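Beneath this line is the structure, given in structure tokens, with notes to follow.
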Amino acid sequence: MNSPLKILHVMSARRFVGEAAHALDACEELAVRGHAAEVMVRAGFDVEAEARRRGIPHTPAWMESRFHPIHDLQDILRLRARIRAFRPDVLHAHRGKDHWIAAAAL
């Protein structure tokens, strides 16, 4: 096997459907294959609860759909801190807002 990778997913969905299911399934499958995978999720919603239920390492954040300068900045700083601590090889953003938060955090 090649060297294990570290993958950090960014998933702002509230409900556990479609792309959210894909992100958490990917985290589990990557772990089975010897990689480290985590996810940054929207706090207080279904995806966070499902990550917790599955034992997937996760970082809760605001990740509101609409523009909210204070919460968005907090999310950028929270993601930046997680990136510095976890040092992922791959940062996988799934949704529109996830992409610009990830870009600003790098």
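For the list (1) modelled with pLDDT under 95; (2) outside any helix (DSSP H, G or I), I need the number of the one condition that Glu19 fails.
Of everything listed in (1) modelled with pLDDT under 95; (2) outside any helix (DSSP H, G or I), Glu19 misses just condition (2).
Restricting attention to region 41-78, report how many residues are within 21 Å of Phe16 (Cα to Cα) and of a type outside the set (D, E, K, R).
Selection size over region 41-78: 17.
Check Ser65, Ser12 and return the single one that is in contact with a helix residue (DSSP H, G or I) (Cβ under 8 Å, 6 or more places away or on another chain), among the hydroxyl-bearing types (Ser, Thr, Tyr), touching a residue at least 40 places away in the same chain (Cβ under 8 Å) and surrounded by fewer than 17 Cβ atoms within 10 Å (Cβ to Cβ).
The unique qualifying residue is Ser65.
Looking for whichever is touching a residue at least 12 places away in the same chain (Cβ under 8 Å) and surrounded by fewer than 20 Cβ atoms within 10 Å (Cβ to Cβ) here; the options are Leu5, Leu24, Leu91. Which one fits?
The unique qualifying residue is Leu5.
Residue by residue through region 50-106, note down the ones that are farther than 12 Å from Ala37 by Cα and aromatic (Phe, Trp, Tyr).
Within region 50-106, Trp62, Phe67, Trp100 qualify.
Of all the residues that make up region 96-106, how many are surrounded by 17 or more Cβ atoms within 10 Å (Cβ to Cβ) and either of a type in the set (Gly, Ala, Ser) or within 18 Å of Ile7 (Cα to Cα) (or both)?
4
The values are calculated or read from the model by the stated rules, or taken from the named source; none is laboratory data. In this text the structure is predicted, and so the values were computed from the model without any measurement. All Cβ positions, even for glycine, are placed from backbone atoms using ideal geometry, and neighbour counts span all protein chains on display.
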